[in-house]
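The values are calculated or read from the model by the stated rules, or taken from the named source; none is laboratory data. Just so you know, these numbers come straight off a predicted model, no measurement behind them. With ideal geometry, Cβ positions are generated from the backbone for all residues, glycine too; neighbour counts draw on all protein chains shown.
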Amino acid sequence: MWLPFTQMKDYDENPLVIESGEGVYLRDIYGREYLDGYSSLWLNVHGHRNEEINQAIKDQLDKISHSTLLGATNVPSILLAEKLVSLSPERLKRVFYSDSGATSVEIAIKMAYQYWQNKGRPEKQKFITLQNAYHGDTVGAISVGKVDIFHRVYKTLMFDSLVAPFPDVVHHPDLTDEGEIRERALLDLEAIFQKHHHEIAGMTVESLIQGAGGMNIMPAGYFKGVEQLCRKYEILLIVDEVATGFGRTGKMFAVEHEHVQPDIMTVAKGITGGYLPIAATLTTEEIYEAFYDDYTSLKTFFHGHSYTGNQLGCAAALANLEIYERDGLIGKVQDKTEIIHSLLAPLNEHPHVSSIRQLGMICGIELVQDKISKTPFPWADRIGYWTTIKMRELGMLTRPIGDTIVFMPPLATTEAELAKMIQIMTEAIDITTKEAVGV
Ligand code: PLP
């Protein structure tokens, strides 16, 4: 096998084969158990082998596993579309399915692009994105991705996007005041809009927090400001809720924190509780209508995938979302947000932790060589990577982003399990950073 986002030389030195899981634990082929500190890459919600989701998949298996959505539909995909529309911001009324976060973004880009052609404004062809954005790994998605280490090698393969600065309150080169950072970033964005709005189809933006770009949170009011500018300059606002959707941030969708109403919104990951590959691109009636005409007008959205609207996945998603409602899961996430905040607080004092960023149950703990000057560890030392390998030895899995340790446990993690995870993380940070500075 050749693993995603993995240097296989690393894997060969530290292999791991998972065989089973239960609740927030994963078990490898040798029977060793690991706490799932990254929700199996930001997906898992209620833990592994949840009986209700398993049963829903088994029940659906007895009816049918898959039939195409090209020119036909199926029962669970209809029910799920209704549910998604009822849960998402008011303007979003139409659901286009796919099978991963990247495809949901790819679809959003093509939909926005064709929307303007269908509306007779073919000059609106460009996209604008934020510095350090990550939207998945297909060619369209990387073209609006701006994480240098992942994307630079594909430069000539991608289409060009405009890039606006991200208001990074932790790593800003010259400002410290959040309000000033927000206002400067909005001014910079508006300057680009003023110059280019006639040729911009849409703006892609991760909802409130940039995930794979380093777990950086927007200052309050910035997201709302972006929405207002997009409306003012007739630019479609494409919000990526792939990582943040379904409760991770303490709201069903992170847009709710600032009452942002996207024109297009992408969801994936947690939609099935992390069980099966379903994603969706939601949009407004207005955008849908721009594609609705006689076939010969050639306004059809010519995009689809073999497994679009897969019945097993949609059945899993329906069961998943039922548990949210029945258990009041979003309220519980808000309580756990507080618990995590208190449990992580002592790490603020750690000599090699420069910042802890938390939005709901999404956390990034950044490690540095020198806390006062914020001097990073030499990147080639890979302190983040080695810390997570140490965590694995101690019984917990996660992956870093550079030297930022990602902590994103399943939403169902109990207080005792959260405490254990944070204890392991603290111990691993301690051991690895001490070794790095030779103490
Ligand atoms: N968008 C965001 C914000 C993400 O965080 C990710 C994955 O981490 C993606 C898109 C891509 O999703 P997938 O890996 O399902 O293609």
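Some values worked out for this structure:
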item: Among (1) away from the ligand (no atom under 13 Å from the Cβ); (2) in contact (Cβ under 8 Å) with a residue 60 or more places away in the chain, the one test that Pro165 misses; result: (2)
item: Hits in the stretch 122-131 - residues which are within 15 Å of the ligand (Cβ to nearest atom) and buried (at least 21 other Cβ atoms within 10 Å of the Cβ); result: Phe127, Thr129, Leu130
item: Glu241, sole failed condition from (1) in contact with a Pro (Cβ under 9 Å, 6 or more places away or on another chain); (2) among the acidic types (Asp, Glu); (3) touching a residue at least 60 places away in the same chain (Cβ under 8 Å); (4) within 16 Å of the ligand (Cβ to nearest atom); result: (3)
item: Within the stretch 361-389, tally of residues that are surrounded by fewer than 19 Cβ atoms within 10 Å (Cβ to Cβ) and closer than 15 Å to Leu347 by Cβ; result: 1
item: Sole residue being of a type in the set (Lys, Arg) and either within 19 Å of the chain's Cα centre (by Cα) or farther than 29 Å from Val139 by Cβ (or both), chosen from Lys63, Lys110; result: Lys63
item: Criterion: among the hydroxyl-bearing types (Ser, Thr, Tyr) and assigned to a loop (DSSP other than H, G, I, E, B) - qualifying residue of Tyr134, Tyr154, Tyr115; result: Tyr134
item: Matching residues in the stretch 132-148 - criterion: being near the ligand (Cβ under 10 Å from one of its atoms) and surrounded by fewer than 24 Cβ atoms within 10 Å (Cβ to Cβ); result: Gly136, Asp137, Thr138
item: Count of residues meeting criterion [out of contact with any Lys or Arg (no Cβ under 8 Å at 6 or more places or on another chain), over 20 Å from Met215 (Cα atoms) and not charged (D, E, K, R)] in the stretch 397-425; result: 6
item: Every residue from the stretch 1-41 that is among the polar types (S, T, N, Q) and under 22 Å from Ile424 (Cα atoms); result: Asn14, Ser20, Ser39, Ser40
item: Residue within the stretch 89-112 that is crowded, with 17+ Cβ neighbours inside 10 Å, under 18 Å from Glu322 (Cβ atoms) and either among the hydrophobic types (A, V, I, L, M, F, W, C) or within 16 Å of the ligand (Cβ to nearest atom) (or both) present; result: yes
item: Total residues in the stretch 347-360, condition surrounded by 23 or more Cβ atoms within 10 Å (Cβ to Cβ) and either within 11 Å of Met425 (Cβ to Cβ) or touching a Cys at 6+ places or on another chain (Cβ under 6 Å) (or both); result: 0
item: Qualifying position, being touching a residue at least 12 places away in the same chain (Cβ under 8 Å) and in the same structural domain as Asn310 (by TED's automatic domain parsing), among Asp28, Asp36, Asp59, Asp10; result: Asp59
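For (1) acidic (Asp, Glu); (2) out of contact with any helix residue (DSSP H, G or I) (no Cβ under 7 Å at 6 or more places or on another chain); (3) free of Cβ contacts under 8 Å to residues at least 12 places away in the same chain; (4) outside the structural domain of Ile340 (by TED's automatic domain parsing), each residue gets a yes or a no:
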position: Ala380; (1), (2), (3), (4): no, yes, yes, no
position: Met391; (1), (2), (3), (4): no, no, no, no
position: Gly395; (1), (2), (3), (4): no, no, no, no
position: Gly402; (1), (2), (3), (4): no, no, no, no
position: Ala412; (1), (2), (3), (4): no, yes, no, no
position: Met421; (1), (2), (3), (4): no, yes, no, no
position: Thr426; (1), (2), (3), (4): no, no, no, no
position: Thr433; (1), (2), (3), (4): no, no, no, no
